Amino acid sequence: MTWLGRESRTRPGGALQAFAFLGALAVLPVVMGRHWQVNLLVFTLMYAGLASAWNLVGGYAGYAALGHGAFFGIGAYAMAIGTTHLGVGTGYRPFLLVLPIAVGTALAVVPIARLLLRTRAATFAVLSITVMFMVQTFAYNIRSLTHGSQGIAVPVPPFPFTTFERPFYYAMAILLALTVAVCWAVRSSQLGLALNAVRDDEDRARGLGVQTELVKLIAFSLSAGLTAAFGAVWAYYISYVFPGFAIDPLLSLGAILMAFLGGRHTLWGPVVGAALIVPAQQYFAYRYGASHLYLIAYAALFLIVIYLLPDGILPSTTQRLNRLRTRSRARTTPDLLPMEALNPRGESE
Amino acid sequence: MHLIVQATIGGILIGGVYALLASGQAMIFGVTRTVNFAQAIFAILSAYLSYTLFSDFGVDPFLSVLVLVPTMFAFGSAIYIVFLRRLTRSGAELALLVLYAMAIGIQGTLDYFYKTNTRVISPGYTNHSWTVGGYQISEVRLFAFLLAVVVLGSLHAIRQHTKLGRALRATAQNPTAAQLLGVNVERVSAIAMGLGVATAGAAGAVFGMVVPFNGNSQYDLLSKLLSISVLGGMASMPGTIVAAVILGVVESVVAAKISPDWSAFSFLVVLFAVLTVRPQGLFGRRLRGAL
């Protein structure tokens, strides 16, 4: 149904959902404790977070940002440079860098975001990916800082072998919870309504007094900062950054694919999408290597999602549930017109 | 000074090839409102086909253009009919993502058949050049430039002097009105997509002689193409051509004077500098809802 309406603010299940989600996050690595399982979970949570962060701009504001790989890369490089050049130490201490990196990136992108957000639709999409190519050029060429195409080796932390992945898992889990909380807060505030208005008709929204520039800028900055935080943890986990990996067009595209599959404009859609796609993705990478067949499978999956599930899984199922609900209500109170007669396709706009 | 003039000549010549690629992109955007994120991989695909025609059948790359242009035209139209027709009206962003996904799929397919080592098409004359007034003019680059001029000229003639051209321009201006006046908008869009991809076919064949390529070079080419489009003003053909030549020259002068590492980047700086003043690009118009 409506983008904000019943789902998040008024439904009493919201708190329940949050507790169930946090509980699942806390318990998962205990239940699925093998190395490959926790590794899979780390990536699933990372992509769930990246897709949710992308959703702030791409879903809520309706701006097709294609260059979030840039912010991920900035986060990753900041972590790598922080641990090697600045001497923050090892163990749990590098995790302390994550928050400053996120805040720093969120602030640093403001000037470029102001410029990008002056354009719309296709031009915005094109420019956002151009920014990613720019950041990649920096990573390749400012050799004194990034070591160019050699990449930077991040010191491997001295965590015990049996539970090596755990700290990274919990770091990702905290970041994901934070990202979902930010999304939830945005959706249930004026900001969310304003972004929704921007998506529907930006000119009219501005005419009606919505501060479109400001709300777009806030959404973009939050989204970039969160994306950078995931990049920072990723760099420490992988313990190696290289321009081609850290600033990867496929990473942004993957996050977008997950948001589409689960349902753009929804709170949980990106998380659902990531939970479905990342295991498949890791399986493909393990089975066929990160090579040609992997690329083909990715493209095919994308096309299937866009053509068969253009609204995403969550909106399609909620729509079906709502239709069932209205139908039973119409049966008990026959003097009312069935909702479907008024709005045959169950559209809300 | 000699170095700068030399680099400028080289830049203008390669700029012609960029102009060819980018004007196809502009035509597709003008008619269908879709940014063709697969334009670069179409050019690479064409380069590979030309490579095969040359190395296995001995067909000269410039001759292979005669085969590749109709092939790529058919390919482009087919993609429009099968995938994009049902999307463009509902959401240009979806169409853009579909083409992006397709670019990745095509790259995977090319990597599968040709492996990922870089290749270059090198017929006997690749290293020939003429010396005019002390400046070197590479034979291949000059022919590539002339080919671009011929293809762009015919494209211009089609647009301005044929019935199809009028339908193309009408659809670009206002699809609904064009449809009301009896233009088959779907068919015109399929043809526009075909023509746009055909320019990638022509450009790719000669691109493969000038620059070593593999599937992954699509990103490099794509970033150039996209910046040209934005600088020129997305749907504007003259704007695109001017922007492409600027890119060629800036890139080549920076490569000669500073370092090839920063050549692509320098153009992005130009692009962002222009955008702070004119968000619609050099020749673009402000459209309600689009910009």
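Some observations on this one:
- Spacing of the modelled spin labels on A:T84 and A:Y240, each 7 Å from Cα toward Cβ, amounts to 1.2 nm.
- By average C-beta atoms within 10 angstrom, highest first, the peptides A:50-59, B:95-104, B:75-84: A:50-59, B:95-104, B:75-84
- HN-Hα J in Hz across segment A:175-183 - Karplus 6.51, -1.76, 1.60, θ = phi - 60°, x for Gly and Pro: 5, 5, 4, 4, 4, 4, 5, 4, 4
- Relative contact order of chain A: 30 percent, from C-alpha pairs under 8 Å at least 6 residues apart in sequence.
- Euclidean distance of C-alpha centroids, segment A:229-269 and segment B:160-177, integer Å: 42
- Taking only the C-alpha atoms of chain A, the Rg (one decimal) and the largest Cα-Cα distance, Dmax (whole number), read 21.1, 76 Å.
- Cross-link partners for B:K224 among the lysines, with Cα-Cα distance under 25 Å and sequence neighbours closer than 8 places in the same chain left out: B:K115, B:K257.
- Top positive-direction residue, dipole computed over the protein assembly as shown with Cβ charges, set A:L97, A:I218, B:L231: A:I218
- With all protein chains in place and ligands, DNA and RNA left out, the 1.4 Å accessible area ranks B:E93, A:E165, A:E213 as A:E213, B:E93, A:E165, largest first.
- Using the Cβ-Cβ distance between A:T162 and A:L96 with R0 set to 35 Å, the FRET efficiency works out to roughly 0.90.
- Averaged over the residues of A:56-65, the number of partner chain Cβ atoms lying within 10 Å of the residue Cβ comes to 1.
- Shielding of peptide A:114-122 by partners, expressed as the average count of other chain Cβ atoms within 10 Å per residue Cβ, is 6.
- Cβ-derived FRET efficiency at R0 41 Å, A:L208 paired with A:Q319, nearest 0.05: 0.90
- Solvent-accessible surface ranking, highest first, for B:M72, B:M1, A:M134 at 1.4 angstrom: B:M1, A:M134, B:M72
- In the context of the full protein assembly, A:R120 retains an accessible surface of approximately 20 Å², using a probe radius of 1.4 Å and ignoring ligands and nucleic acids.
- Amide H partners (placed H, <5 Å) of B:S129, local residues excluded: B:E139
- Ranked by how many other beta carbons lie within 10 Å on average, peptides B:62-68, A:71-77 from highest: A:71-77, B:62-68
- Equivalent-ellipsoid semi-axes of segment A:1-158, from the Cα gyration tensor, Å, largest first: 30, 27, 13
- Couplings 3J(HN,Hα) for segment A:209-224, derived from phi with the Karplus relation 6.51 cos²θ - 1.76 cosθ + 1.60 (θ = phi - 60°), are x, 6, 7, 4, 4, 5, 5, 5, 5, 4, 4, 5, 5, 4, 4, 5 Hz, where x marks Gly and Pro.
- For chain B, the Cβ-based charge dipole about the Cα centre amounts to some 1100 debye (Lys, Arg positive; Asp, Glu negative; other atoms uncharged).
- Mean-position separation - Cα centroids, segment A:28-51 and segment A:121-186, in angstrom: 16
- Number of partner chain Cβ atoms within 10 Å, mean per residue of B:93-100: 6
- Applied to segment A:297-313, the Karplus parametrisation 6.51 cos²θ - 1.76 cosθ + 1.60 on θ = phi - 60° returns per-residue 3J(HN,Hα) values of 4, 4, 4, 4, 4, 4, 5, 4, 4, 5, 8, 9, 10, x, 8, x, 5 Hz, with x for Gly and Pro.
- Segment A:102-250: C-alpha gyration tensor shape, a/c 1.5 cut-off, then a/b vs b/c: oblate
- Per-residue surface analysis assigns B:F57 an accessible area of about 150 Å², computed on protein heavy atoms at 1.4 Å probe radius.
- Oblate is the label for the protein assembly as shown. Its Cα gyration tensor axes, ordered a ≥ b ≥ c, give a/c of at least 1.5 and b/c at or above a/b.
- Sorted on the mean count of surrounding Cβ atoms within 10 Å across their residues, most packed first, peptides A:39-48, A:264-273 read A:264-273, A:39-48.
The values are calculated or read from the model by the stated rules, or taken from the named source; none is laboratory data. Given the structure is predicted, the values throughout are model-derived calculations rather than measurements. A quick note on method: Cβ atoms are made from the backbone with ideal geometry, for glycine too, and the neighbour counts reach across all protein chains shown. In case anyone asks, the SASA skips ligands and DNA or RNA and just uses the protein heavy atoms, side chains included. Shrake-Rupley method; radii C 1.70, N 1.55, O 1.52, S 1.80 Å.
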